[in-house]
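The values are calculated or read from the model by the stated rules, or taken from the named source; none is laboratory data. Please read all numbers here as calculations on a predicted model, not as lab measurements. Neighbour counts run over all protein chains shown; Cβ positions are idealised from the backbone, glycine included.
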Amino acid sequence: MRFRIAEDDAALAAAAAGLLAKEVTPQEIRAGWPGGSAGRVDAAWRRLAELGALGTLVPEAADGLGLGLGLDENALAPLLFELGRSGLPVPAAESIAVGAPLLAAAGSPLLAEVLSARLLLTAALDGSGPVPFGQRADLLVLEAGAQLRLYRRDELELEPVAAVDGSRALARLRRPPDGGGVLLAEGPIAVDRARQRGVLGTAALLVGLCERMLDLTVDYVRQRRQYGAPIGSFQAVQHALAGAAGAVRFARPAVLAAAWSQASGEPAAAVATSLAKVLASDAGRLVARTAIQCHGAIGYTTEYDLHLYAKRAWALAAAWGGPADHRELIARELQLTRVG
Amino acid sequence: MDLTWSAAEQDFRQQARVWLSANVPGSPLPSGDTRAGFAAHLEWERRLFEARWSVVSWPEAFGGRDATLWEWLIFEEEYYRAGAPQRVTQNGIFLLGPSLFEFGTPEQQQRLLPRMAAAQDLWAQGWSEPGAGSDLAAIRSRAVRDRAAGGWRLSGQKTWTTRGAFCTHLFGLFRTDPEAQRHHGLTYFLVKLDAPGVTVRGFERLDGDEGFAEVFLDDVFVPDQDVLGGVDQGWSVAMATTGSERGLTLRSPGRFLSAADRLVEAARAHPERAAAQRDQVVQAWIDAQAYQLFTLEQVTAISEGRRIGAESSLNKLFWSELDIRLHQTALELLGPEAELDGPWSRGFLFSLAGTIYAGTNEIQRTIVAERLLGLPRK
């Protein structure tokens with residue numbers, strides 16, 4: 001028993017953290033919003049690609065370029081903590097956790113283009129929901145029946161939809177794809193595996209986002225003075241933030257444990273993953289709300305940066321199954337059947 | 001990351017499970033917070049000791065098994081899973097014990113630990129006073145030097161002393177330097193409750209059991225050998241103890257994992273009501289797992305020589321609030337039966353104490369805010 005991130009996995013996350021701290025300011029996040037210059041986002045994404053981060057779950061040499069790192073979910077979670085913390089508006093879970101390993105397993109010739117960030121890859125496995133980054137992606141992994149298929153955007157009819165977090169670049173499929181695409185994987189086991197990685201990746205992003213919102217809020221309440229004292233010295237503010245911090249602190253190990261379960265092929269991985277998503281989503285909502293409240297009116301503006309992270313938290317809390325969906329899944333595993 | 005148990009750990013679990021299943025009383029003992037129930041629990045404690053399960057993590061010389069913290073976690077899981085009795089020796093073993101290991105002299109350890117492990121000496125905690133609860137440093141009970149007799153004379157009043165009316169000894173803080181302020185000038189004493197000048201009055205807790213006591217001390221002589229950790233050094237000794245109380249050692253994940261499993265069983269047994277309570281049942285189960293995962297990370301840190309410090313306040317906040325939610329959900333499942341005296345209603349009443357003892361949750365939130373988040377002090 002050893003509950004600690006392995007050195008190699010921590011090193012990748014640390015390298016990504018260093019890069020993201022330099023490359024991603026709130027300006028890069030705003031650049032992903034409608035009317036922004038998405039080139040700034042793409043540039044940061046390319047730098048991550050140079051680090052090999054996009055090929056975290058891709059076997060070494062699978063793409064012919066050596067961009068695969070050959071790591072597993074144990075490396076994915078800490079990496080996505082950092083991507084979540086950065087707020088960079090990219091399909092991190094969809095591309096790194098879900099799409100790239102599928103392309104690698106299927107021997108797709110497009111893998112190298114994806115890992116080098118020349119083509120942007122996203123994924124949507126729930127059929128009816130909006131496709132994250134559907135406005136910007138070149139390639140999309142979609143679920144069709146019990147298959148996962150890879151589509152070029154010109155094979156699909158996508159229409160942009162407005163979202164609370166404008167940097168999510170959501171699009172909706174006007175109609176299900178009518179043929180086309182390339183088969184990546186099929187069967188419920190393969191689809192579940194991909195879905196679990198998407199859930200895990202999203203939960204990890206949420207943990208990082210929470211930590212970012214907490215840091216921002218702690219800094220703010222230490223500086224902001226009312227009644228002649230920093231508001232962070234007031235018990236009401238302290239206790240609200242202590243509650244928010246606790247929620248994140250308990251979600252984090254659950255995400256790491258889910259990553260380990262997936263990497264180890266544990267039969268309980270599905271439950272561990274849903275559990276992590278419930279805790280991370282609930283933490284995301286609590287931290288976002290607490291952060292805005294502790295900021296007061298400045299937190300309720302778009303000029304201040306907090307909203308960039310809070311809106312992402314709300315989006316990710318609902319993405320890849322919200323807390324209610326995942327509690328339902330666990331309820332079934334616990335044989336708590338519905339009545340009537 | 002490696003979340004598997006070694007062969008040796010699995011073997012340890014198996015040994016514990018086998019012994020517990022052969023020895024745990026078939027029907028629950030009467031509450032250990034009553035005089036009759038306490039006696040029944042002592043018999044159980046002595047059986048645990050004879051089989052060397054009473055203090056698994058202690059050295060063998062003191063009655064333990066030299067078990068690792070991991071094995072201790074495993075034992076706790078099995079203990080609660082088996083539905084074994086509450087530990088009425090808990091305050092000695094889990095609160096004073098760690099302080100004796102850290103601050104006690106070899107002589108004190110030899111003299112006190114084996115008797116504690118064997119449930120021969122039964123220790124009560126003497127922190128709170130009528131005028132000092134959360135603000136522990138405001139205690140006024142005092143100890144005056146008696147040089148000729150080689151000891152101290154203690155006077156004052158302690159209260160909310162758990163099972164004080166049934167215990168044989170008390171550990172607590174007394175002011176030895178009347179000039180010193182607050183945290184300074186306090187000393188940690190070990191007091192015999194049958195010493196002349198000690199009066200103990202038991203009184204009922206919320207659940208009606210005589211689990212509380214107030215302890216009056218009137219010029220009670222305590223020899224020098226029963227000072228723990230040095231004169232005027234009591235605060236740091238006491239803080240080490242409260243750290244264990246808040247954190248892991250008082251409430252291991254096994255306790256909540258087993259309670260959550262029982263809640264799930266109750267939900268299956270009441271399907272007509274479970275539908276409306278499903279989310280709460282599942283969330284309680286999730287939170288119990290989350291507490292376990294959190295502690296696995298923590299025990300890894302401790303095993304690698306790091307200290308968890310103020311983080312133990314997060315444990316305390318999490319388990320105490322989980323315990324209340326879990327029991328409230330169980331009572332909802334029981335419907336009109338919820339008002340009956342039974343394990344869930346008793347558990348619910350006890351859970352309400354969890355957010356108060358070991359430092360109220362308000363105090364813990366302040367500790368989290370100031371020491372973990374670095375917010376400014378008032």
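What pairs come up if the first residue lies in segment A:258-275 and is free of Cβ contacts under 8 Å to residues at least 60 places away in the same chain and under 15 Å from B:LEU296 (Cβ atoms), the second is β-branched (Val, Ile, Thr) and surrounded by 21 or more Cβ atoms within 10 Å (Cβ to Cβ), and their beta carbons are under 6 Å apart, counting only those six or more places apart or on different chains?
Pairs that qualify, where the first residue is free of Cβ contacts under 8 Å to residues at least 60 places away in the same chain and under 15 Å from B:LEU296 (Cβ atoms) and the partner is β-branched (Val, Ile, Thr) and surrounded by 21 or more Cβ atoms within 10 Å (Cβ to Cβ), are A:LEU275/B:ILE286.
Being surrounded by fewer than 22 Cβ atoms within 10 Å (Cβ to Cβ) and assigned to a loop (DSSP other than H, G, I, E, B) is the filter; apply it to segment A:51-68 and report the residue that is farthest from the other protein chains (Cβ to nearest Cβ).
Here the residue is A:GLY64.
Looking at B:ALA358, B:ALA338, B:ALA353, can you tell me which residue is over 28 Å from A:SER274 (Cα atoms), touching a Lys or Arg at 6+ places or on another chain (Cβ under 6 Å) and hydrophobic (A, V, I, L, M, F, W, C)?
Exactly one of B:ALA358, B:ALA338, B:ALA353 is over 28 Å from A:SER274 (Cα atoms), touching a Lys or Arg at 6+ places or on another chain (Cβ under 6 Å) and hydrophobic (A, V, I, L, M, F, W, C), namely B:ALA358.
Might you check whether a residue that is β-branched (Val, Ile, Thr), away from chain B (no Cβ under 14 Å) and touching a residue at least 24 places away in the same chain (Cβ under 8 Å) occurs anywhere in segment A:3-23?
No: segment A:3-23 contains no residue that is β-branched (Val, Ile, Thr), away from chain B (no Cβ under 14 Å) and touching a residue at least 24 places away in the same chain (Cβ under 8 Å).
Go through (1) of a type outside the set (Asp, Glu); (2) within 25 Å of the chain's Cα centre (by Cα); (3) closer than 24 Å to B:PHE350 by Cβ; (4) within 11 Å of chain A (Cβ to nearest Cβ) one by one and return the number of the condition B:ALA267 breaks.
Answer for B:ALA267: the failing condition is (2).
List every residue pair whose Cβ atoms sit under 8 Å apart, with the two residues 6 or more apart in sequence or on different chains, where the first one lies in segment A:294-318 and is among the polar types (S, T, N, Q) and the second, anywhere, is assigned to a helix (DSSP H, G or I).
Pairs found: A:THR301/A:HIS307.
Give segment A:29-40 a look and list any residue that's in a helix (DSSP H, G or I) and either at pLDDT below 95 or loosely packed, with under 14 Cβ neighbours inside 10 Å (or both), or say none.
Scanning segment A:29-40 gives A:GLY39, A:ARG40.
Could you list, in sequence order, the residues of segment A:263-285 that are within 11 Å of chain B (Cβ to nearest Cβ) and either crowded, with 24+ Cβ neighbours inside 10 Å or of a type in the set (A, V, I, L, M, F, W, C) (or both)?
A:ALA263, A:ALA268, A:VAL271, A:ALA272, A:SER274, A:LEU275, A:ALA276, A:LYS277, A:VAL278, A:LEU279, A:ALA280, A:ALA283
Table: residues versus (1) over 26 Å from B:LEU372 (Cα atoms); (2) hydroxyl-bearing (Ser, Thr, Tyr).
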residue: A:PHE250; (1), (2): no, no
residue: A:ALA258; (1), (2): no, no
residue: A:ALA269; (1), (2): yes, no
residue: A:ALA276; (1), (2): no, no
residue: A:THR302; (1), (2): yes, yes
residue: A:ASP305; (1), (2): no, no
residue: A:LEU308; (1), (2): no, no
residue: A:ALA313; (1), (2): no, no
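Which of the residues belonging to segment A:202-234 are among the small types (Gly, Ala, Ser), at the interface with chain B (Cβ under 7 Å from one of its Cβ atoms) and either on the phi > 0 side of the Ramachandran plot or crowded, with 19+ Cβ neighbours inside 10 Å (or both)?
Hit for segment A:202-234 is A:GLY232, nothing else.
Does A:GLY107 satisfy the condition of being closer than 20 Å to A:VAL191 by Cβ and assigned to a loop (DSSP other than H, G, I, E, B)?
yes
Assuming B:TYR80 fulfils every condition listed in (1) surrounded by 17 or more Cβ atoms within 10 Å (Cβ to Cβ); (2) in contact with a Pro (Cβ under 7 Å, 6 or more places away or on another chain) apart from one, which condition is it?
(2)
Out of all the residues in segment A:291-314, which are closer than 14 Å to A:TRP33 by Cα and not acidic (Asp, Glu)?
A:THR302, A:HIS307, A:LEU308, A:TYR309, A:LYS311, A:ARG312
Name the residues in segment A:235-254 that are buried (at least 19 other Cβ atoms within 10 Å of the Cβ), more than 7 Å from every other protein chain (Cβ to nearest Cβ) and either more than 23 Å from the chain's Cα centre (by Cα) or more than 15 Å from A:ILE292 (Cα to Cα) (or both), would you?
A:VAL237, A:ALA240, A:ALA247, A:VAL248, A:ALA251, A:ARG252
Tally the residues that are assigned to a loop (DSSP other than H, G, I, E, B), free of Cβ contacts under 8 Å to residues at least 60 places away in the same chain and over 30 Å from A:LEU76 (Cα atoms), restricting the search to segment B:5-42.
Number satisfying all stated conditions: 4.
Taking the conditions exactly as written (in contact with a Lys or Arg (Cβ under 8 Å, 6 or more places away or on another chain), facing chain A (nearest Cβ under 7 Å) and in a helix (DSSP H, G or I)), does B:ASP287 satisfy them or not?
no
Please specify each residue of segment B:354-378 satisfying the condition of being away from every other protein chain (no Cβ under 14 Å) and crowded, with 18+ Cβ neighbours inside 10 Å.
Residues satisfying the conditions are B:GLY354, B:ALA358.
Are any residues in segment A:1-28 under 17 Å from the mean Cα position of the chain (by Cα) and not in a helix (DSSP H, G or I), and if so, which ones?
Across segment A:1-28, the qualifying residue is only A:VAL24.
Could you please give the count of residues in segment B:1-24 that are under 17 Å from B:TRP72 (Cβ atoms) and within 26 Å of the chain's Cα centre (by Cα)?
Counting residues in segment B:1-24 that are under 17 Å from B:TRP72 (Cβ atoms) and within 26 Å of the chain's Cα centre (by Cα) gives 9.
Being without any contact (Cβ under 8 Å) to a residue 12 or more places away in the chain and within 14 Å of chain A (Cβ to nearest Cβ) is true for just one of B:ASP66, B:ASP2. Which residue is that?
B:ASP2
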